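The values are calculated or read from the model by the stated rules, or taken from the named source; none is laboratory data. The structure presented is a predicted model; accordingly, all values stated were derived computationally and were not measured. When we count neighbours, we look across all protein chains shown, and the Cβ atoms used for this are built from the backbone with ideal geometry, even at glycine. Keep in mind that these areas ignore ligands, DNA and RNA; they rest on the heavy atoms of the full protein, side chains included. Shrake-Rupley method; radii C 1.70, N 1.55, O 1.52, S 1.80 Å.
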Amino acid sequence: VLALCLGFYTPVHGSGGWDYHNTGAGAFYLATFAMLVLPSAIAGNRLLLMAAGAVAALAVHTNITLVNFLPALMWVHVTAVRVSSDERASRRTLAARIGWGAVGAVVVTVVLGLINWNVGRDFLFFRALLNIVARFVGDPQNVATFHQPWNSGWIWTARYLALPAAVFLAGLASVVVARRRTLGTSDRLAEALILQFLLMALVWVAWQTAGQIALDLDYFAYVLVPSCFIALAAILSRGWPDWCERYWAATVLGT
């Protein structure tokens, strides 16, 4: 159902325009998310962890602001491991998994660098973006022309924030209500999927408050949308009627 909703929510299909370099960022991010919660990844399959790291690197290379979301991806993976085995993964195990993911990220980065070098450009293709990020983060005055302070009233006309804001409030309410009862296995996983969005939304609010462009332009706020749909799925799963599973064809057609 959420996949269908995602398909009809056209702003998620590309940030900055159909021909812009970061059009595939959302798809890469969602693919990484899916790979990290597959049973093989939870069991520690090295090849799958390397593949997830490679796809995560592709997401960051297409939209460098997604680097902020990497801790959320790892946290959800750790939660999935804990839920499936009902025990905490050791620090050594976590370090090994991060290491295999890093190997995949390095491999795909080297391949992209070789392609770039082969057509006569810089092997370190990402250096230009890193320089831009360092300049903007180092001195917010460099983005002062585009940045809008909270008190300018821009947020009341930012229609692209309507869905993330609604999911944020619904997710917050869902977490608060769930805390009043004993959490089952599915509830714990759903809570992690909701919290990953709530925390990243707060990170984006912090960047905006610090004088960076984060929420006041739609293509900078875009990175919250894939994460937002994941949280929405978790919210719906907590009250999902059984008949939707029994009559899945009707549910899909109705959606």
Practice problem: Answer yes if at least one residue in region 143-162 is modelled with pLDDT under 90, open to solvent by less than 60 Å² (accessible area, probe 1.4 Å), aliphatic (A, V, I, L, M) and under 27 Å from L58 (Cβ atoms), and no otherwise. | Solution: yes
Per the list (1) in a loop (DSSP other than H, G, I, E, B); (2) open to solvent by less than 90 Å² (accessible area, probe 1.4 Å); (3) touching a residue at least 24 places away in the same chain (Cβ under 8 Å), residue check on F123 breaks on (3)
Next on the checklist: One residue is enough: does region 45-64 have a residue meeting the conditions polar (S, T, N, Q), assigned to a helix (DSSP H, G or I), open to solvent by 30 Å² or more (accessible area, probe 1.4 Å) and farther than 29 Å from L217 by Cβ?
Outcome noted: no
Output for Cβ contacts, cut-off 6 Å, separation at least six or different chains, first residue under 19 Å from L73 (Cα atoms) in region 178-207, second open to solvent by 10 Å² or more (accessible area, probe 1.4 Å) and basic (K, R), reads A190/R238
Within region 1-51, the residues that are modelled with pLDDT of 90 or more and among the β-branched types (V, I, T) are T32, V37, I42
Among residues of region 69-85 being open to solvent by 40 Å² or more (accessible area, probe 1.4 Å) and within 26 Å of V12 (Cα to Cα), the residue nearest to the chain's Cα centre (by Cα) is L70
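How about region 189-240: which of its residues are part of a helix (DSSP H, G or I), small (G, A, S) and open to solvent by 20 Å² or more (accessible area, probe 1.4 Å)? Spell out how you get there, then give the answer.
So in region 189-240, the residues part of a helix (DSSP H, G or I) come out as 189-209, 218-221, 224-237.
If we keep only those that are small (G, A, S) too, we end up with 190, 192, 201, 206, 221, 227, 231, 233-234, 237.
Of everything in region 189-240, those that are part of a helix (DSSP H, G or I), small (G, A, S) and open to solvent by 20 Å² or more (accessible area, probe 1.4 Å) turn out to be A206, A233, S237.
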Taking the conditions exactly as written (in contact (Cβ under 8 Å) with a residue 24 or more places away in the chain and either at positive phi or aromatic (F, W, Y) (or both)), does F8 satisfy them or not?
no
V83: passes all of (1) part of a helix (DSSP H, G or I); (2) farther than 21 Å from A192 by Cα but (2)
